[in-house]
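Below is one structure; the comments refer to it alone.
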């Protein structure tokens with residue numbers, strides 16, 4: 001219960017942002033795609049409208065010329081194929097631009113993203129109570145204000161355009177069809193470009209607001225941050241127990257190696273270092289176990305119970321304990337003194353060194 005009353009003061013972590021992205025919760029302004037489509041399609045039509053009219057006139061003239069031909073299945077198919085081909089020639093570039101702009105606008109805002117969870121149907125959206133809650137939320141009020149602003153801006157653009165072009169509109173009655181079509185094309189292009197430019201600015205502001213709102217919605221409490229760190233790094237008690245078990249297993253392995261050691265060098269009360277050397281297998285003597293205090297006592301007990309020689313050498317024990325890790329070979333600086341020590345041990349055991 002205490003967590004629910006905590007204030008969300010912490011910035012969202014990378015994991016929280018990635019989880020939100022996996023669910024499809026990203027900052028995205030749907031108006032951006034429509035604005036880009038309006039702008040680029042209007043520019044494309046402005047420069048390609050001439051070719052489009054020429055293509056339509058070509059289809060029309062081809063059909064007129066073929067009115068007197070014999071109506072057969074082959075002739076009708078030929079005219080149909082020609083008309084469809086020219087139609088696709090006009091329409092396909094426009095649809096290609098629309099699709100490309102829609103994909104590009106989404107990619108610019110969110111990058112490459114594919115979320116199956118976002119596409120799954122959510123039955124809780126059918127709940128009337130939640131629907132009413134969404135209608136009276138701050139987000140719905142903002143969307144309403146945004147729609148009102150767009151309508152007002154669009155109405156003003158229409159009004160200013162008609163007001164400026166009113167004399168030219170009145171003069172269209174005495175002009176030919178080509179002049180009228182040209183005027184309408186220029187006017188529609190001007191209108192579409194202005195609307196697209198204004199709405200692009202609105203879409204940019206909306207995208208910034210969406211990013212701010214998403215970041216605010218994903219803010220975390222200190223408890224949530226702690227729980228996420230615990231999930232990522234593991235429970236401290238469990239990790240401590242695992243480390244304790246690992247140390248115990250390593251200690252058991254070390255004690256097993258003490259049984260195979262040739263000599264144990266002691267401080268005698270503080271340190272114990274077990275050394276093993278097999279001339280045919282090792283380039284140098286190796287430290288198989290070492291310890292201080294209680295561990296040193298266990299090493300000495302294990303050595304005594306398995307007949308391993310224990311030698312007291314305070315300087316050597318301290319130097320080896322500080323300089324060499326368990327499992328490492330001794331450095332060259334210790335070769336002579338350790339060789340002498342092993343020679344004494346072998347002699348005492350009546351062993352012959354190889």
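Scan the stretch 187-195 and give yes if some residue there is assigned by TED's automatic domain parsing to the domain that holds residue 154, over 20 Å from the mean Cα position of the chain (by Cα), outside any loop (DSSP other than H, G, I, E, B) and more than 20 Å from residue 151 (Cα to Cα), otherwise no. Taking every residue of the stretch 187-195 in turn, none turns out to be assigned by TED's automatic domain parsing to the domain that holds residue 154, over 20 Å from the mean Cα position of the chain (by Cα), outside any loop (DSSP other than H, G, I, E, B) and more than 20 Å from residue 151 (Cα to Cα).
Taken over the stretch 305-354, the residue count meeting the criterion of being in contact with a strand residue (DSSP E or B) (Cβ under 9 Å, 6 or more places away or on another chain) and in a loop (DSSP other than H, G, I, E, B) is 9. Scanning the stretch 169-178 finds one or more residues that are in a loop (DSSP other than H, G, I, E, B), loosely packed, with under 12 Cβ neighbours inside 10 Å and more than 29 Å from the chain's Cα centre (by Cα). Each residue in the stretch 90-99 was checked for being surrounded by 14 or more Cβ atoms within 10 Å (Cβ to Cβ) and over 12 Å from residue 41 (Cα atoms), and 1 of them qualify. Checking each residue in the stretch 247-271 for being under 18 Å from residue 318 (Cβ atoms) and more than 52 Å from the chain's Cα centre (by Cα) picks out 263, 264, 265, 266, 267, 268, 269, 270. Does residue 158 satisfy being at pLDDT 80 or above and over 28 Å from the mean Cα position of the chain (by Cα)? So residue 158 fits the description; yes. Could you pull out the residue among 181, 202, 195 that is modelled with pLDDT under 80 and within 23 Å of residue 40 (Cα to Cα)? Only one candidate qualifies: 181. Could you look through the stretch 256-297, keep only residues that are farther than 20 Å from residue 322 by Cβ and touching a residue at least 40 places away in the same chain (Cβ under 8 Å), and pick out the one that is surrounded by the fewest Cβ atoms within 10 Å (Cβ to Cβ)? The extreme case among them is 280.
The values are calculated or read from the model by the stated rules, or taken from the named source; none is laboratory data. The model shown is predicted, which means the values in this text are computed figures rather than measured ones. Ideal geometry is used to build each Cβ from the backbone, glycine not excepted, and the neighbour counts take in all protein chains shown.
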